[in-house]
Amino acid sequence: MQSANSIVEAGTLTQDARHGPLPLLLIVLTVVTGLVDAVSYLKLGHVFVANMTGNVLFLGFAVADAAQFSVAVSLVALGSFLLGALAGGRLGSSTGQHRGRYLALATYVQVSVVSAAFVASLASSDVSGGILAYTLVVLLAFAMGLQNAAARRLGVPDLTTTVLTLTFTGLAADSHFAGGTNPNIGRRLIATAAMFIGAALGAVLIFHVSVSAALAVAVALLLINAMAGYHLSSSTAAWTAAK
């Protein structure tokens, strides 16, 4: 439990009275997004498992017979993501009244699914084609759909964990140059850095070690969040109440 307690305590760097340590835990999930999207785009057929905007574009490219893009794999990723988001929504309907407990339960499911992807990736040194690639896309897209639904329900501003378009828009549109007050600028920059770090680390591990190594790091980060979630699931702090 030492790691869980450490991450909860470190959350004071990014927490506030409304959201407690949730911002830090969601930043960890943003790193996970970079890792798994590196795996899926670089090794599973030029598809994203977290960024569905990209997949819709890739589907359009594939329909127009663009090289390196697949209609089938794009549709599988989209469908699996939707199922994961559905699962996250159902879980939120039954347990979302306590934000700490909801995050814990959602993370337990997510770490189980990503662990299954890690185990599946050990079956071959080449995961870039065939049933193994589709299996990994299904598992990882489901996990990221669940993560996205959880982040949406938790409702911490500027921490969706899977997309940065609105984050970048906010950095510019809310800046002093635009007449704004730069709200949450630190959080927005940290979220951007977290995605970058996850993607860069994922690419390095994929190219120099293996896909399994990148997924192992994702599992390790999720386990840390799961332990922190376990610690927070019994909290009675004001931030745990559903918004």
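The values are calculated or read from the model by the stated rules, or taken from the named source; none is laboratory data. Since we're looking at a predicted model, the values are computed, not measured. Note: ideal-geometry Cβ built from the backbone for every residue, glycine included; neighbour counts use all protein chains shown. Note: areas computed on protein heavy atoms with side chains; ligands, DNA, RNA excluded. Shrake-Rupley method; radii C 1.70, N 1.55, O 1.52, S 1.80 Å.
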For this session: Could you please find all residues in the stretch 190-243 being out of contact with any Gly (no Cβ under 9 Å at 6 or more places or on another chain) and aromatic (Phe, Trp, Tyr)?
Result: PHE207, TYR230
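Table: residues versus (1) at pLDDT 95 or above; (2) touching a helix residue (DSSP H, G or I) at 6+ places or on another chain (Cβ under 6 Å); (3) of a type outside the set (Ser, Thr, Tyr).
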| position | (1), (2), (3) |
| --- | --- |
| SER3 | no, yes, no |
| THR30 | yes, yes, no |
| VAL39 | yes, yes, yes |
| SER70 | no, yes, no |
| LEU78 | yes, yes, yes |
Exercise. If you take the residues in the stretch 32-91 that are in contact with a Ser or Thr (Cβ under 7 Å, 6 or more places away or on another chain) and assigned to a helix (DSSP H, G or I), which one is most open to solvent (accessible area, probe 1.4 Å)?
Worked result: LYS43
Seminar exercise, completed: Apart from one, (1) β-branched (Val, Ile, Thr); (2) modelled with pLDDT under 95; (3) part of a helix (DSSP H, G or I); (4) within 16 Å of the chain's Cα centre (by Cα) all hold for THR160; the odd one out is (3)
Problem set entry | the stretch 195-222 residues that are touching a residue at least 40 places away in the same chain (Cβ under 8 Å), paired with ones that are surrounded by 17 or more Cβ atoms within 10 Å (Cβ to Cβ) and among the aromatic types (Phe, Trp, Tyr) (beta carbon under 7 Å, 6 or more apart) | SER212/PHE118; LEU215/PHE118; ALA216/PHE118; VAL219/PHE118
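Kindly indicate whether any position in the stretch 221-235 is surrounded by fewer than 13 Cβ atoms within 10 Å (Cβ to Cβ), over 16 Å from the mean Cα position of the chain (by Cα) and over 20 Å from ALA151 (Cα atoms). Break it down into steps so the answer makes sense when it comes.
As a first pass, look at the stretch 221-235 and keep what is surrounded by fewer than 13 Cβ atoms within 10 Å (Cβ to Cβ): 234.
Narrowing the set further to residues that are over 16 Å from the mean Cα position of the chain (by Cα) leaves 234.
Imposing the further condition that a residue be over 20 Å from ALA151 (Cα atoms) reduces the set to none.
No, the conditions are met nowhere in the stretch 221-235.
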Exercise. If you go through the stretch 19-31 one residue at a time, how many are of a type outside the set (A, V, I, L, M, F, W, C) and part of a helix (DSSP H, G or I)?
Worked result: 2
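Can LEU139 be described as open to solvent by 10 Å² or more (accessible area, probe 1.4 Å) and either in contact (Cβ under 8 Å) with a residue 12 or more places away in the chain or not in a helix (DSSP H, G or I) (or both)? Don't jump to the end; show me each part of the working.
On the way: open to solvent by 10 Å² or more (accessible area, probe 1.4 Å): yes; either in contact (Cβ under 8 Å) with a residue 12 or more places away in the chain or not in a helix (DSSP H, G or I) (or both): yes.
It is true that LEU139 is open to solvent by 10 Å² or more (accessible area, probe 1.4 Å) and either in contact (Cβ under 8 Å) with a residue 12 or more places away in the chain or not in a helix (DSSP H, G or I) (or both).
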